[in-house]
Amino acid sequence: MVRSIIIGFPELGIDLEADFQENEEPELCDLLWKNLSKPLDMVCRHPVSSGEEFSAEARPPKHPVKSGMNIGRRNWLYTTVPLGGVIYAVTGGFGGLSLYYGQCTEPLQIRGSLVAMVHPEQFAEMKRAGKAVWDAQAIKHKPMVINVRRGRE
């Protein structure tokens, strides 16, 4: 059975399940699984102008953490991540997740690599969640908080 994570949007009543891509990124999937030993609340931010993607960061550690190069076996551009892709980037401490709920327009390299894919039957809910993150930032000027936790083991 494939391991998964749950990306929860408590304010919206949405839970998205994303299956790990362990054949492509086994080390990064293992690190994310380890770092989700307890559910984690993350604050979202949306680039607003470059497409249908948003990122979420956990609260940084209390003490400085040495950061380094991203880990991952493949480099991605914003424009090449598939619909439903979940990116994990580790730059010190927990790092961050990004969720691709549509097309992106900037052909720039991203930090991190693809670790999970949201189930296709949840794409409509994923798009609704992405739009809510955009609205929270661009219109309401309030942070959107998500909860990320382990799913199937």
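The residue of segment 13-29 that is surrounded by the fewest Cβ atoms within 10 Å (Cβ to Cβ), among those that are within 19 Å of L83 (Cβ to Cβ) and not acidic (D, E), is I14. Looking only at residues in segment 34-53 that are part of a strand (DSSP E or B) and of a type outside the set (K, R), the one that is farthest from the chain's Cα centre (by Cα) is G51. Restricting segment 54-76 to residues that are part of a strand (DSSP E or B) and modelled with pLDDT of 85 or more leaves a set whose member that is nearest to Y100 (Cα to Cα) is F54. Condition test on G85, is it at pLDDT 95 or above and within 18 Å of P39 (Cβ to Cβ)? When the stated conditions are applied, G85 does not pass them. Take segment 138-150 and flag every residue that is crowded, with 17+ Cβ neighbours inside 10 Å and either over 17 Å from P10 (Cβ atoms) or modelled with pLDDT of 95 or more (or both). Passing the criteria: I146, V148. Among the criteria (1) within 15 Å of P47 (Cα to Cα); (2) buried (at least 23 other Cβ atoms within 10 Å of the Cβ), the one V115 does not fulfil is (1). Specify the residue that is farthest from V81 (Cα to Cα); the eligible residues are those in segment 106-128 that are modelled with pLDDT of 95 or more and in contact with a Leu (Cβ under 6 Å, 6 or more places away or on another chain). Among those that are modelled with pLDDT of 95 or more and in contact with a Leu (Cβ under 6 Å, 6 or more places away or on another chain), it is Q122.
The values are calculated or read from the model by the stated rules, or taken from the named source; none is laboratory data. Predicted, not measured: the structure shown is a model, and the values here were computed from it. Glycine gets a Cβ as well: all are built from the backbone with ideal geometry, and neighbour counts include every protein chain shown.
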